[in-house]
1. What's the whole-number percent of alpha carbon pairs in the stretch 23-68 lying beyond 16 angstrom?
2. Can you give me the pair-distance distribution of the stretch 76-180, C-alpha pairs, 10 Å bins, whole percents?
3. Could you pull out every whole DSSP H run in the chain that spans at least 30 Å of Cα extent along its own axis and averages -1.0 or higher on the Kyte-Doolittle scale?
4. For the chain, modelled as a GNM with alpha-carbon contacts under 10 angstrom, which of THR364, THR195, THR322 fluctuates the most?
5. When the chain is fully extended, how far beyond the present Cα-Cα distance does THR204 get from ASN57, taking 0.36 nm per residue of separation?
6. Please compute the Cα-Cα pair-distance distribution of the stretch 243-379 with 10 Å bins starting at 0, giving whole percents from short to long.
7. Select from ILE279, ILE295, PRO222 the residue farthest towards the positive end of the dipole of the chain; place +1 on Cβ of Lys and Arg, -1 on Cβ of Asp and Glu, and compute about the Cα centre.
8. Arrange the peptides 94-100, 178-184 so that the one whose residues have, on average, the most other Cβ atoms within 10 Å appears first.
Amino acid sequence: MTTDQKPEYSPGLAGVIAGETAICWVDPNAGLMYRGYDIHDMAEKASFEEVAYLLLNGDLPNFEQLGQFSRAIATERTLPKQVLDALRLMPKNTHPMDMLRTGVSMLAPFDPNLNDHSHDANVRKSIRLIAKVSTLITDGYRIQHGKDPLPEKTDLTLAGNLFYKLNGDVPQVWQIRMMDTILILYADHEFNASTFAARVTASTLADIYAAVTSACATLKGPLHGGANEESMKMLDEIKTPDRAEAWLTEKLAAKGKIMGFGHRVYKKGDSRVPIMREIGRDLGKRTGKEQWIPICEKLEEVMEREKHLCANVDLYAAPVFTMLKFPPELNTPIFAASRVAGWCAHVVEQHDHNRLIRPRSLYTGPELRPYPGTSAGKL
Ligand code: COA
């Protein structure tokens, strides 16, 4: 290409195919599949561990493989003492996503296979990361609130452990089942921003911890994973369904961004929304907090009418986490506890078929001009 030719350019890389993957397909017509399996079938019947195995290994585990994989995750949860000590040094007002990002980065040198990027070593490191990300969230949260981390209960699955490690209560079977479904919905979403960040980092042949650190940093933003925390702030502000329309009309008139709406790929609805909405309805009945889902539904109705924009999964995830008694600042970290499975699967795939990801930019600066050579340059 000569310097006069303008290359094709798509702001925000919208619609650009930036790589190949066999892990996940997001269907713009409200569909989602992991390795060829429909998310709706798995959300209902699978465990998170089964889905994580599928994403990492390409096929479903048999009974024995699932047992081994689940035990490996359960026994890899404990954090090095030095990492816990570092979390204790962080200011009390540190956002849990910042604790998580720092914690993931600090775990790197403790992994004996850090610089081995072979397929098998990457899968082993993925298991450690999936296990330890959950612990960084739960132990980090307790430390931040002046409490000691709780001892591990290796008989609990990752979903059950997320509840138990926060407050010491062993969750009920229905809560674990519900959390499994939520984690399955969040586990992967092809080239979303955090996964792409992980793949860019991995493509330099940096290690999987470096890639997952980049992914955590990217997930935090409110246009991506941070939206499920922001959505709860919005719902708290609205308070009751009868206030939703007026609140939204005012926000739209002021050209505000409405959290939990819009998506880069889905234009006819987010495949995960119907399942998350149902969970929210069920929780509303169980907890007596039946206002949240009708507020979301009213917002959906008005957004469709005014902007033709669909809700995304984060709108409904926000009240779901609240009704499960998680504090809103843990909404995005819980998303990470699940998405780490997808991030790791993508890093394994990237390292297995690596080519450096390095796009071009469209230069919009000044034309070539003579440097005047002022004496100021020498200061
Ligand atoms: N609230 C209000 N307007 C929105 C909107 C929202 N949530 N999402 C998109 N729009 C509007 C934009 O303002 C833009 O309008 P314009 O053409 O008049 O300028 C148009 O819809 C296209 O949006 P754009 O931001 O260009 O789409 P995108 O593909 O770049 O962005 C998101 C996708 C997800 C970043 C965007 O929809 C958004 O910011 N949503 C809110 C955050 C969120 O929920 N994130 C979680 C995603 S799963």
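1. Counting pairs separated by more than 16 Å, the tail of P(r) holds 35 percent.
2. Bins of 10 Å from zero give 14, 44, 32, 10, 0 percent of pairs.
3. 119-144, 331-352
4. Of the options given, THR364 has the highest mean-square fluctuation.
5. Taking THR204 through ASN57 to full extension adds about 50.6 nm, to one decimal.
6. 9, 26, 25, 16, 12, 8, 4, 0
7. Ranked along the dipole, the leading option is PRO222.
8. The densest-packed peptide leads the list: 178-184, 94-100.
Rule-based calculations on the coordinates, nothing more; no lab input. The model shown is predicted, which means the values in this text are computed figures rather than measured ones. FYI the Cβ positions are ideal-geometry reconstructions off the backbone, even for glycines, and counts take in every protein chain you see.
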